[in-house]
1. Can you compute 3J(HN,Hα) from phi for each residue in segment 89-103, using the Karplus curve 6.51 cos²θ - 1.76 cosθ + 1.60 with θ = phi - 60°, rounded to whole Hz and x for Gly and Pro?
2. What distance in nm lies between label points placed 7 Å from Cα along the C-beta direction at Glu36 and Lys174?
3. Could you pull out every residue, at least 5 positions away or on a different chain, whose amide H is within less than 5 Å of the one on Thr54? Hs are placed 1.01 Å off N in the peptide plane, and Pro or chain starts have none.
4. What is the local net charge at Gly103, summed over the other residues whose Cβ is closer than 10 Å to its Cβ (Lys, Arg +1; Asp, Glu -1)?
5. Please list 123-129, 162-168 highest first by mean number of surrounding beta-carbon atoms within 10 Å per residue.
6. Got a sec to turn the phi values of segment 172-186 into Karplus ³J(HN,Hα) couplings, 6.51 cos²θ - 1.76 cosθ + 1.60 with θ = phi - 60°, whole Hz, x for Gly and Pro?
7. Could you pull out every residue, at least 5 positions away or on a different chain, whose amide H is within less than 5 Å of the one on Glu88? Hs are placed 1.01 Å off N in the peptide plane, and Pro or chain starts have none.
8. Skipping prolines and chain starts, which residues have an amide H placed within reach, meaning under 5 Å, of the one on Arg35, given they are 5 or more residues away or on another chain?
Amino acid sequence: MDELTVSTIVYRPPNEIYDFLIKFQRYAAYSDHLREVTERSKSARAHSSKTENTQYGLKFAWWKLTYTVESEVTNTDRPHSIEWRIIENLSAHGRWRLREIEGDSLPVTAPETADKATRVIFEATYDPDSANKGSISLPRFIPFGRVIDRLEPAIQREAEDTVERVVADIEGRKRPVELTVEHHST
């Protein structure tokens, strides 16, 4: 299993960030490789204001590949966390965590206008070898192992780029974003 964590500070309160992150359909606008997010279980949400058990189809395209995974929101704790898992075509799970930073603890690099800050953490645990090879159409004579070797660095870059774009949209302006990235293979 591989573990990827990307975190940064966003100069908005946790409630605003949570409201932004819970709208999964907009994620494709921030990603180079996520082409489409489709809600799969609207009827489950119609009976509840909660998003748990709502499923989404995530269609990715990278290099010469397209791949769709089915995901599910497994738990929400507003405004602290949103947990998810992939339920088809890949073994993966993760969460967004939001931790408010107290006003007197704002980083010295905070904009002068900042009075609220939240540490936003994206965590994902995944098994790249668990991908359903039958649902991937590889070009002829391209071994799956070679694709996985090329894909892992792309996943990390994609996570970094996505977080930077989300921060710019939430804050309403683009700025240099300091990211802390950790990647571990077990």
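Values in this text are rule-based calculations from the coordinates and carry no lab data. What you see is a predicted model; the values in this text were computed from it and never measured. With ideal geometry, Cβ positions are generated from the backbone for all residues, glycine too; neighbour counts draw on all protein chains shown.
1. Calculated HN-Hα couplings, in order: 6, 5, 8, 7, 7, x, 6, 9, 10, 10, 10, 5, 9, 5, x Hz.
2. My value for the distance between the label points is 2.8 nm.
3. Amide H neighbours of Thr54, under 5 Å, 5+ apart: Val73.
4. Cβ neighbours under 10 Å give a net charge of -3.
5. Numbers: 123-129: 16.4, 162-168: 19.4.
Highest-to-lowest ranking by the protection proxy: 162-168, 123-129.
6. Residue by residue, segment 172-186 yields x, 7, 8, 8, x, 10, 8, 10, 10, 10, 10, 9, 10, 10, 10 Hz.
7. Close amide H contacts, sequence-distant or interchain: Glu70.
8. Amide H neighbours of Arg35: Lys59, Phe60, Ala61.
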